[in-house]
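A.B. asks: So that we are looking at the same thing, I have put the structure below in structure tokens.
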Amino acid sequence: MNWDEFAAWGHRFTDWVRDYRQTVRDRPVRAQTRPGDILNALPTAPPDRPQDMREIFADFERIVMPGITHWQHPRFFAYFNANAAAPSVLAEFLIAAIAPQCMLWQTSPAATEMETRMMDWLRQSLGLPEGFTGVIQDSASSATLAAVLTLRERALNWTGNSRGLAGNSRIRVYCSAEVHTSVDRAIWVSGIGQENLVRVPIKGDWRGMDPAALDAAIRSDDAAGLTPAGVILCVGGTGTGATDPIDACLDVAQRHGLYSHVDAAWAGSAMICPEFRSYWTGIDRADSLVFNPHKWLGAQFDCAAHFLRNPEDLVRCLAIRPEYLKTHGQDGVVDYSEWSVPLGRRFRALKIWFLLRTYGLQGLRERLRDHVAWSGALHDRLAATPGFQIVTPPMLSLFTFRLAPEGAEDLDQLNQRLVDAINDDGRIYLTQTRIDDALVIRFQAGQFETTEADVMMAYDVITEIAGQIA
Ligand SMILES: *Cc1c(COP(=O)(O)O)cnc(C)c1O
């Protein structure tokens, strides 16, 4: 393909994207294909001879699109939205074409310096104090892994990377049962081991960690000769929005000299609104925290903002400097690959720059506030509807509920049937979760272009389909 052909197709694709995004509401949100449909439509062997883009693109529409679950559908109320606001898509387009590798300052100074500035813009946007500096990771999972490796090395007096873990007393890490599975994986990969991830009991409406129980768990491990090393807290857990009392938990963690990491992958975006910051009071004292601008804030995936109070610890843990990676004669520059597990890095800061400038914090705040208000209104309507039960209260724009008509027997089965029927219907998309062994339905609003009418349509669909299956 030459670059003139590229430009012609680029224009066509841009028009296609406009049409797609303007009409995506008319499509079923969740893909309606069966397992194997797409696989079977794809030739089993690669082409020997060049094929025309017209053919490739026609196949893309015919084979691929039916198997897409439309994450940018305004009635995508499942999981947490991974938004892709228009200006961030444009930034990604430029990045895809320029394709710089941003591992070192010298491999694209603009990427590094833009990242430094954007992380500070985000810090200010979230109301974090000046002491925090940050790096953009590919995912919250990577940030959490980096934090766990750091707390491991700190607890081992920086000897784990060279000597391994054998011969040391067991390192202990504390979290509640509500944290994301990325925490478990980080514990596995770091060699700490699942048995040393201590699940601290939760209490209260927010399903947050009980600080007294955290204190007791640390003391008991200390007494048993184990090595308490860190605590991982969550603000806005995936299932129900579980939120640990950050202030009280950090009191305990710091009293015992533990490293602390806060996972606010979803809820962190909401902190651009000062009125939501009470959900993470005390955050100023965390050692590390992560939030995903690629979720609620609107930046195209991937983009995870990782803030640190002492980046020196992270760099000490992860920096590796063979001769070819040294930046000679450029003292004082940042090489962000020393802050993350992968070496290669995409230029992710550009889409933050485009996004924040296009909407301003004001425009982004308005969206998030609307989502929270509309989700709250839906919650109120469902709470007042006979046969429905609210299971967990709204945490920002997320709440859980279930259908529980009088006399119904197997509520788990009934609610699974309801979710499946709703998703087969296609007008909205919801997922289920488990709370204390009960199957419940999650609702969250956060798509960049969702409207009040979209959220209210969820009420009509849920009650209509519940009426049909009950
Ligand atoms: C989405 C999410 C994650 C995982 O994020 P990735 O960027 O996909 O790794 C972790 N924790 C919470 C609370 C999340 O919502």
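A.B. asks: Would you order MET65, MET457, MET118, MET209 from fewest to most other beta-carbon atoms within 10 Å of each residue's own beta-carbon?
C.D. replies: So the residues, fewest neighbours to most, are MET65, MET457, MET118, MET209.
A.B. asks: Tell me, in nm to one decimal, what length is gained between THR358 and ASP37 on full extension, where the rule is 0.36 nm per residue of separation less the Cα-Cα distance? It would help to have the intermediate numbers written out before the result.
C.D. replies: On the way: separation 321, 0.36 × 321 = 115.56 nm, distance 3.97 nm.
Between THR358 and ASP37, full extension yields an extra 111.6 nm.
A.B. asks: State the extension gain, in nm to one decimal, for the chain segment bounded by THR463 and ALA404, taking 0.36 nm per residue of separation less the distance between their alpha-carbons. Please report the intermediate quantities before stating the final value.
C.D. replies: Working: separation 59, 0.36 × 59 = 21.24 nm, distance 1.22 nm.
So the extension gain works out to 20.0 nm.
A.B. asks: Once you sort the root eigenvalues of the Cα gyration tensor of the chain as a ≥ b ≥ c, which label holds: rounded (a/c under 1.5), prolate (a/b larger than b/c) or oblate (the other case)? Don't skip to the end; give the middle numbers.
C.D. replies: Values: a/c = 1.71, a/b = 1.09, b/c = 1.57.
Oblate, because a/c is 1.5 or more while a/b does not exceed b/c.
A.B. asks: Is region 68-216 rounded, prolate or oblate when judged by the Cα gyration tensor, a ≥ b ≥ c being the square roots of its eigenvalues, rounded requiring a/c under 1.5 and prolate requiring a/b larger than b/c? Kindly include the intermediate steps, with their values, before the conclusion.
C.D. replies: Details: a/c = 2.01, a/b = 1.36, b/c = 1.47.
Oblate, since a/c reaches 1.5 and b/c is not below a/b.
A.B. asks: Could you compute the net charge surrounding CYS102? Neighbours are other residues with a C-beta less than 15 Å from the C-beta of CYS102; K and R count +1, D and E count -1. The partial results should precede the final answer.
C.D. replies: Values: positive: ARG117, ARG345, ARG346, ARG348, LYS351; negative: GLU92, GLU113, GLU115, ASP138, ASP302, ASP335, GLU338.
Charge balance in the 15 Å sphere: -2.
A.B. asks: Work out how much length ARG199 to ASP4 would gain on full extension: take 0.36 nm times their residue separation and subtract the Cα-Cα distance, in nm to one decimal. Provide the component values of the computation, followed by the final result.
C.D. replies: Values: separation 195, 0.36 × 195 = 70.20 nm, distance 5.81 nm.
Taking ARG199 through ASP4 to full extension adds about 64.4 nm, to one decimal.
A.B. asks: So what is the 222 nm mean residue ellipticity for the chain from helices alone, if each DSSP H run of at least 4 adds -39500 (n - 2.57) and you divide by all residues, rounding to the nearest 500 deg cm²/dmol? Intermediate results must be reported in sequence, preceding the final value.
C.D. replies: On the way: 14 runs with 191 residues, N = 470.
One gets -13000 deg cm²/dmol as the mean residue ellipticity at 222 nm.
A.B. asks: Assuming a ≥ b ≥ c are the square roots of the Cα gyration tensor eigenvalues, decide whether region 101-346 counts as rounded (a/c under 1.5), prolate (otherwise, with a/b larger than b/c) or oblate. Walk me through the numbers before you get to the answer.
C.D. replies: On the way: a/c = 2.03, a/b = 1.22, b/c = 1.67.
Since a/c reaches 1.5 but b/c is at least a/b, the shape of region 101-346 is classed as oblate.
Read-outs: derived from the displayed coordinates by stated rules, not from any lab. What you are looking at is a predicted structure, and each value in this text was computed from that prediction instead of being measured. Note: ideal-geometry Cβ built from the backbone for every residue, glycine included; neighbour counts use all protein chains shown.
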